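Chemist: Let me give you the structure first, and then I'll get to my questions.
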Amino acid sequence: MTERVVIIGSGPAGWAAAIYASRANLEPLVFEGAMTEENRILGTLPLGQLSMTTEVENYPGFPAGDLSPYLKSSLPEQQVPFRDPHMTGVTGPELMELMRQQAKNFGTRIITDDVVSVDLSKQPFQLKTLEGQEMAAHALIIATGARANYLGLPSEDKFKNRGVSACAVCDGALPRFRNKPLVVVGGGDSAMEEASYLTKFASTVYLVHRRGEFRASKIMAQRVIENPKINIKWFTGVDEVLGDDKAGVSGVVLKNLQTNATETLAASGMFCAIGHSPNTDFLGGQVQTDDKGYIVYSQPFRTNTSVEGVFAAGDVADSYYRQAITSAGTGCMAALDAERWLAGRGVH
Ligand code: NAP
């Protein structure tokens, strides 16, 4: 059997596409990703980047307020994420569960597996999954998002989730980081945001940046520069993450990139905020991307890609806005584009 439309990815783009495609009676199939250790470490588990955040204050329709009764009435009991009783408004995990449920309510089918390769050279497209399933599809919507970058040090890899993180908002409040020195790497808005956020928990935040000026917006950079709990290390890189198997991260070796002098700092955590990479490896270069791997749209204001019948939505095709609302918007567009493209071929 050939699927009419397969959606790969389970962030706001994927679920918005699924809601629209299912309401158009296309019975979409969503591959939401696999629950693997590798995906956990990469930050590519089902429900995407938003599922690793706390409050979402800028998604329209969810002002501050007690959502508990609404969540309980909207989601199956086991799907209601843990909710801090002091929380008001919606959280990332809640928003994602609500989107997923909304898609399910309209008949979307969901498979908890990764698509690991595709053959887009002929119609119908062929897909293979991690668990070995094979599938054929007329139209594809790629909504696999992006993931945080790491420095690529072997010592960093060793301590991922034991002190090395790429998401201060997800991990910053953990006991291991409380009242201890922490390191943030990067000089963009994310690094500013993470460093400022971590001052709530850390004794000191060392902000390590490879150049002598920040890339971040002036206002966010200024806030960091004026924060007495943030110690900025300019022209500096991380040479090694120190620690042991039992306690995880205990410090970092920094290198001044102008003088090559090294120094060792005690720290219980290192947060990388050095940008993101789109999740496009499984496409095997068959869809045109830019030099950073982000899918390129082939027409303005459309979600078509270089392959006819393949549409893209969300962060996988957007290194610029990267917002839940823009992802959901392009997810909707991709479903409408796919529906019209299928109709043009007599597939309804
Ligand atoms: P970014 O702007 O690309 O900044 C990445 C930073 O990491 C840069 O300072 C870069 O250094 C550094 N970096 C990259 N690779 C590195 C490496 N291998 N080793 C050491 N340092 C490295 O990424 P971002 O901060 O994630 O922001 C991405 C987009 O999201 C931006 O458009 C940003 O404005 C937006 N954003 C907005 C907000 C907000 O407004 N609240 C918050 C977060 C993000 P160089 O400067 O030397 O290149």
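The values are calculated or read from the model by the stated rules, or taken from the named source; none is laboratory data. If you're wondering where the values come from, they're calculated on a predicted model, not measured in any experiment. Cβ coordinates were reconstructed from backbone atoms using ideal geometry, including for glycine residues, and neighbour counts include every protein chain displayed.
Chemist: Mind checking which residues of segment 147-172 are in contact with a Ser or Thr (Cβ under 6 Å, 6 or more places away or on another chain) and more than 20 Å from LEU207 (Cβ to Cβ)?
Modeler: ARG147 - this is the single residue of segment 147-172 that is in contact with a Ser or Thr (Cβ under 6 Å, 6 or more places away or on another chain) and more than 20 Å from LEU207 (Cβ to Cβ).
Chemist: Which of the following residues is surrounded by fewer than 20 Cβ atoms within 10 Å (Cβ to Cβ) and either free of Cβ contacts under 8 Å to residues at least 12 places away in the same chain or in contact with a strand residue (DSSP E or B) (Cβ under 8 Å, 6 or more places away or on another chain) (or both): ILE7, ILE41?
Modeler: One residue alone meets the criteria, ILE41.
Chemist: Answer with yes or no whether LYS218 is more than 24 Å from THR53 (Cβ to Cβ) and at pLDDT 95 or above.
Modeler: yes
Chemist: Okay, moving on. So ALA137 ticks every box in (1) free of Cβ contacts under 8 Å to residues at least 12 places away in the same chain; (2) more than 16 Å from the ligand (Cβ to nearest atom) but one. Which box is left unticked?
Modeler: Failing condition for ALA137: (1).
Chemist: Yes or no: GLY284 in the same structural domain as ALA202 (by TED's automatic domain parsing), at positive phi and away from the ligand (no atom under 16 Å from the Cβ)?
Modeler: Taking the combined requirement at face value, the residue does not satisfy it.
Chemist: Here is a further query. If you scan segment 204-228, which residues turn out to be under 18 Å from CYS167 (Cα atoms) and more than 10 Å from the ligand (Cβ to nearest atom)?
Modeler: Of everything in segment 204-228, those that are under 18 Å from CYS167 (Cα atoms) and more than 10 Å from the ligand (Cβ to nearest atom) turn out to be THR204, VAL205, TYR206, LEU207, VAL224.
Chemist: Only one of these is at pLDDT below 95 and more than 16 Å from the ligand (Cβ to nearest atom): LEU120, LEU174. Name it.
Modeler: LEU174
Chemist: Those residues that are surrounded by 15 or more Cβ atoms within 10 Å (Cβ to Cβ) and either under 20 Å from ARG210 (Cα atoms) or within 15 Å of the ligand (Cβ to nearest atom) (or both), I need them from segment 151-171; list them, please.
Modeler: Those that are surrounded by 15 or more Cβ atoms within 10 Å (Cβ to Cβ) and either under 20 Å from ARG210 (Cα atoms) or within 15 Å of the ligand (Cβ to nearest atom) (or both): LEU151, LEU153, SER155, GLU156, VAL164, SER165, ALA166, CYS167, ALA168, VAL169, CYS170.
Chemist: In segment 185-201, how many are under 20 Å from ILE274 (Cα atoms), touching a Gly at 6+ places or on another chain (Cβ under 9 Å) and more than 10 Å from the ligand (Cβ to nearest atom)?
Modeler: 3
Chemist: Please give the helices (runs of 4 or more DSSP H) falling wholly within segment 1-94 in which 3 or more residues are under 30 Å from LYS160 (Cα atoms).
Modeler: Where helices (runs of 4 or more DSSP H) fall fully within segment 1-94 and carry at least 3 residues being under 30 Å from LYS160 (Cα atoms), they are 12-23, 37-42.
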